[in-house]
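The values are calculated or read from the model by the stated rules, or taken from the named source; none is laboratory data. All figures in this text were calculated on a predicted structure; none of them were measured in a lab. All Cβ positions, even for glycine, are placed from backbone atoms using ideal geometry, and neighbour counts span all protein chains on display. Keep in mind that these areas ignore ligands, DNA and RNA; they rest on the heavy atoms of the full protein, side chains included. Shrake-Rupley method; radii C 1.70, N 1.55, O 1.52, S 1.80 Å.
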Amino acid sequence: MKYEGIIFDLDGVICSTDEYHYLAWKMLAEKLGINDFTKKDNERQRGVSRMESLEVVLEKTDRKFTAEEKLALATEKNEYYKKLLSQMSEKDLSDEVKDTLNAIKAAGIKIAIGSSSKNAKFILTRIGLINSFDAISDGENITRTKPDPQVFTMAAEFLGLEPGRCLVVEDAEAGIKAGHDGGFDTAAIGSATKSALATYRLKTFSDLKAIVL
Ligand code: BG6
Ligand code: MG
């Protein structure tokens with residue numbers, strides 16, 4: 001087997017919560033009078049922390065905010081985001097993702113989550129995957145977010161595997177850099193396929209099977 005473990009990003013890889021991040025930031029932006037927050041701006045928020053994502057929004061206004069006000073804004077966005085997440089169910093997990101994860105597990109390969117999000121376990125519960133992974137490394141156990149490799153090196157540690165034995169699956173350029181810098185091979189999907197650092201590029205999630213099985 002080429003890899004003993006696969007570490008999956010969550011938002012934009014396992015499910016489409018990347019779209020909800022975008023919608024929630026857009027709601028906050030509009031409340032601040034920023035009416036030109038676009039998907040292009042949102043691309044730079046992929047993989048990075050909630051506070052760094054806020055800075056991408058605030059670049060679009062001349063208004064200045066104290067650290068305390070910024071925290072309140074990030075909390076407000078998270079409330080919009082959680083409201084969207086609370087409407088999710090097992091229907092938001094595609095058959096393609098479900099079947100691919102099952103095929104990988106059936107081959108004896110370990111699977112983990114490597115996500116910067118503090119909402120990761122909530123999302124996994126909503127989509128019925130909370131007990132499906134051998135390890136979860138997320139925004140609750142890290143001190144640095146992507147492009148720092150910490151979230152992936154901790155996921156590999158939780159699996160008891162060396163980075164060189166694991167593949168990272170990512171939709172964020174910051175996540176591909178994190179995987180690369182941590183000594184992992186990487187499979188890019190969606191906008192991460194632009195990254196020159198990716199080992200593989202997936203057209204669709206199930207392409208993984210041809211790489212790892
Ligand atoms: C990542 C997203 O998965 O999680 C980022 O790609 C987000 O856009 C980060 O900022 C933190 O998420 P949360 O849910 O803790 O605000
Ligand atoms: Mg992502």
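Some values worked out for this structure:
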| item | result |
| --- | --- |
| Greater than 18 Å apart at Cα, pairs in Lys105/Lys209; Lys83/Lys118; Lys26/Lys194; Lys105/Lys177; Lys98/Lys209 | Lys26/Lys194; Lys105/Lys177 |
| Degrees separating the helix 150-159 axis from the principal Cα axis of the chain, which is the longest one | 30 degrees |
| Cα centroid separation - segment 58-123 against segment 9-30, whole Å | 7 Å |
| Separation of the Glu59 and Ser94 label points, Cα + 7 Å toward Cβ, nm | 2.8 nm |
| Eligible aspartates and glutamates near Lys82 by straight Cα distance, threshold 19 Å, same-chain separation 8 or greater | Asp9, Asp11, Asp18, Glu19, Glu30, Glu52, Glu90, Asp92, Asp138, Glu140 |
| Largest-first principal axis extents, alpha carbons of segment 18-85, Å | 28, 22, 21 |
| Approximate spin-label separation Ala67-Asp36, in nm, with each point projected 7 Å along Cα-to-Cβ | 3.2 nm |
| Arg63 accessible area, 1.4 Å probe, all protein chains in place, Å² to nearest 10 | 120 Å² |
| Kirkwood-based shape ratio for segment 69-213, expressed as Rg/Rh from alpha carbons | 0.96 |
| Helix-only mean residue ellipticity at 222 nm for the chain, each DSSP H run of n ≥ 4 adding -39500 (n - 2.57), per residue, nearest 500 | -12500 deg cm²/dmol |
| Under 5 Å, built H, 5+ apart or other chain: amide partners of Arg201 | Ala188 |
| Accessible-area value, Asp99, 1.4 Å probe, nucleic acids and ligands omitted, Å² | 90 Å² |
| Label-to-label distance, nm, for residues given as Asn131 and Arg144 (7 Å Cα→Cβ offset) | 3.7 nm |
| Sequence of Lys39, Lys83, Lys203, Lys209 from largest to smallest accessible area, 1.4 Å probe | Lys203, Lys83, Lys39, Lys209 |
| Mean separation of Cα contacts under 8 Å (6+ apart) over length of the chain, as relative contact order % | 26 percent |
| Residue of Ser137, Ser53, Ser86 that the Gaussian network model of the chain assigns the largest fluctuation, springs spanning Cα pairs under 10 Å | Ser86 |
| Nearest-10 value in Å² for the accessible area of Glu170, using the 1.4 Å probe | 0 Å² |
| Residue order for Ser117, Ser94 - accessible surface, 1.4 angstrom probe, largest first | Ser94, Ser117 |
